[in-house]
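> Can you read through this structure? Questions will come right after.
The values are calculated or read from the model by the stated rules, or taken from the named source; none is laboratory data. Because the structure is predicted, anything quoted here is derived from the model rather than measured. Counting neighbours? That spans all protein chains shown, and the Cβs are built from the backbone with ideal geometry, glycine included. These area figures cover heavy atoms from the full protein model, side chains too; ligands, DNA and RNA do not enter into them. Shrake-Rupley method; radii C 1.70, N 1.55, O 1.52, S 1.80 Å.
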Amino acid sequence: MQQPVTIVTGGSRGIGAAVCERLAADGHDIVVGYRSHDSAAEKVADAVVAAGRRCLTVRVDTADENDVDRLFDAAAQQLGPVTGLVNNAGVSGPNGRLVDADADGMRQALGVNVLGYLLCARRAVRDMSRTGRGAIVNVSSAAATIGSPGQYVHYAAAKAAVDAMTVGLAKEVAADGIRVNCVAPGTIWTDFHADPERPAKVAANIPMGRAGQPEEVAGAVSWLLSNDAAYTTGAVLRVAGGL
Ligand code: NAP
């Protein structure tokens, strides 16, 4: 069996960082894709190496087609054929009511949250088709079905697009030996939020009474990439404390 090599976009912080550490513990070599925080990416790489796995860090803007190709080329050249992709890099974009959202801010956010996922998935499928083996996990959000009124309707719409691409692509590439699934987190304690205390503030509206930890999302991602999920494709797994 070939050593799993998994690219995690947005792997330098928050949910992505927890995913990298969990996958390393579960035996994956890791490529950390990140936008700008070099020191955060290096810290994750140190943790992966400490777990006994190989790690590569690559600066990338996932909304840029050439950058995405550079990320996958570097992974294949330095670690071998890519077996897994965790499409995770995301941004909230403008916060507030849609009537006040600026077009450039929404365009940029949609570029990362939708086009970026499509570009990474497209390249992953091209590479994985050659070996006839691979798994993709998209990180969407419970916002896709809640809609996030007054907060970021454009972001919720982008995450609904991620759910839809998961279902369609899963069917499109099932016969190529590639599985495509999705994890939809609720509110998680990371630096993602414009208001850093938001996870505490929304806790009362969550059936389990608290926001989640990044590690609680990472376990679901790791399972979907594992052989235990060999018959699972096209699934959207909600990890949202009952929301
Ligand atoms: P985060 O803490 O803000 O981390 C975002 C990560 O994405 C960072 O590693 C960042 O790199 C990277 N990134 C941002 N834009 C990028 C780009 N254009 N190209 C490459 N990398 C980029 O966010 P998070 O909370 O972990 O969120 C991770 C995913 O979970 C996102 O898709 C988000 O929508 C989703 N999600 C989050 C929550 C939540 O409550 N936190 C809930 C549901 C879903 P740098 O470190 O270099 O900036």
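> Please state, as a whole number in µm²/s, the translational diffusion coefficient that the Stokes-Einstein equation yields for the chain at 37 °C and 0.692 mPa s, with Rh defined as the Kirkwood radius across alpha carbon pairs.
185 µm²/s
> Something else now. Step through the residues of the stretch 104-115 one at a time and calculate ³J(HN,Hα) from phi using the Karplus curve (6.51 cos²θ - 1.76 cosθ + 1.60, θ = phi - 60°), rounding each to whole Hz and writing x for Gly and Pro.
3J(HN,Hα) across the stretch 104-115, in whole Hz: 5, x, 5, 4, 4, 5, 5, x, 7, 6, 10, 4.
> In Å², what does the accessible area per residue of the stretch 56-133 work out to with a 1.4 Å probe?
48 Å²
> Show the residues, 5+ positions off or on another chain, whose built amide H is closer than 5 Å to the amide H of VAL180.
Correct list: ILE136, GLY234.
> Now for a different question. Nearest 10 degrees is fine. How inclined is helix 214-225 to the longest principal axis of the chain, computing both from alpha carbons?
Tilt relative to the chain: about 40 degrees.
> Straight-line reach from LYS171: which lysines fall under 20 Å, measuring Cα to Cα and dropping same-chain residues less than 8 apart?
Partners within reach: LYS159.
> Can you run phi through the Karplus equation (6.51, -1.76, 1.60; θ = phi - 60°) for the stretch 194-201 and list ³J(HN,Hα) in whole Hz, with x for Gly and Pro?
Ordered by residue, 3J(HN,Hα) equals 4, 9, x, 8, 3, x, 6, 5 Hz.
> Which ³J(HN,Hα) values in Hz, rounded to whole numbers, follow from the phi angles of the stretch 5-10 under the Karplus curve 6.51 cos²θ - 1.76 cosθ + 1.60, where θ = phi - 60° and Gly and Pro get x?
10, 10, 8, 10, 7, x
> If you keep only loop residues by DSSP, which trypsin sites (Lys or Arg not before Pro) in the stretch 139-243 have at most 16 other Cβ atoms within 10 Å of their Cβ? Show your work: numbers first, answer last.
Working: sites: LYS159, LYS171, ARG179, LYS201, ARG210, ARG238; in loops: ARG210.
Loop-located and lightly packed - ARG210.
> How much length would be gained if the chain were fully extended between ALA230 and ASP64, taking 0.36 nm per residue of separation minus their Cα-Cα distance, in nm to one decimal?
Numbers: separation 166, 0.36 × 166 = 59.76 nm, distance 3.12 nm.
Computed gain between ALA230 and ASP64 is 56.6 nm.
> Additional query: Along the charge dipole of the chain, pointing to its positive end and built from +1/-1 on Cβ of Lys, Arg, Asp and Glu, which listed residue (VAL217, MET106, GLY150) has its Cα farthest out?
VAL217
> First compute the accessible area of the stretch 5-239 with a 1.4 Å probe, then give the percent of it belonging to carbon and sulfur atoms.
Working: 5390 of 10390 Å².
Solvent-exposed carbon and sulfur of the stretch 5-239 make up 52 percent of the total.
> Based on DSSP H runs of at least 4 residues, each adding -39500 (n - 2.57), what is the mean residue ellipticity at 222 nm of the chain after dividing by all its residues, to the nearest 500 deg cm²/dmol?
One gets -13500 deg cm²/dmol as the mean residue ellipticity at 222 nm.
> While we're here: Hey, got a sec? Which GluC sites (Glu not before Pro) in the stretch 150-233 land in a DSSP loop and have at most 14 other Cβ atoms within 10 Å? Let's see the in-between values first.
Numbers: sites: GLU172, GLU197, GLU215, GLU216; in loops: GLU197.
Passing sites in the stretch 150-233 are GLU197.
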